[in-house]
Amino acid sequence: MKFYFKSSILFVMSMLLANNAVYESLFNTEHTENNINHKIKQAEKNYISKYQFEQGYEEAIEFIKNHEGFAGGKMYFDASGIKSIGYGHRIKTGEEFPEQITEQEAENLLRKDFDKAVWYAERETHVKGYKKIVVAHFIYAKGIGNFLRSNFKKLVLNNKPVEEELIKWSYYRSVEGEMVFSEYIHNIRLWEIEMYNRES
């Protein structure tokens, strides 16, 4: 009887220790995940673009911020009916955002998107300085697929005038699928043309 009692106590103690180990493991895992999430948020907060000191980069960022608008940091649908947030970030499948983001979060998101566009511009063309930033802006606005299929890319690669071709991209596709001329987009193309023709 004494042996059974002692065995029961040992069994209960071993179970408690095992449960404690599981709890500590879960706690440490959760703590690690929270720590990783904190580091990610901190990295985003302190985000610095690798291209920020390039000629025309900061001007392009400010231009995008001014013409896209912030929309109060809330999700919205652009003219083509695409769900967006911040300064024109198109929300991709699987992306989740809070109900409202801050201006700093929106700018960090913009810089990351624009950096990707600059990287594409470097990969697909040989141009430098202002011209590279304009190509990047076109990619940011119209998408890499449209750029790769465009006459604009051919003209850039062959060092030909781009004005006439860029003006053709003053349209957007409506929700109904129609191509609609936009004075707003037309002015954006004029800005690209002016920057593209600057002396670097």
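What follows draws every value from the coordinates through simple rules; no lab data is involved. Treat the numbers as computed from the prediction; the structure is a model and nothing was measured. Glycine gets a Cβ as well: all are built from the backbone with ideal geometry, and neighbour counts include every protein chain shown.
General remarks:
- Sparsely packed loop sites in segment 47-127 (the GluC sites (Glu not before Pro) outside DSSP H, G, I, E and B with at most 11 other Cβ atoms within 10 Å) comprise Glu95, Glu96, Glu99.
- Signed unit charges on C-beta, dipole axis of segment 49-196, positive-most listed residue Tyr140, Gln104, His89: Tyr140
- Cross-link pairs Lys128/Lys153; Lys112/Lys154; Lys132/Lys154 - those with Cα-Cα distance over 20 Å: Lys112/Lys154
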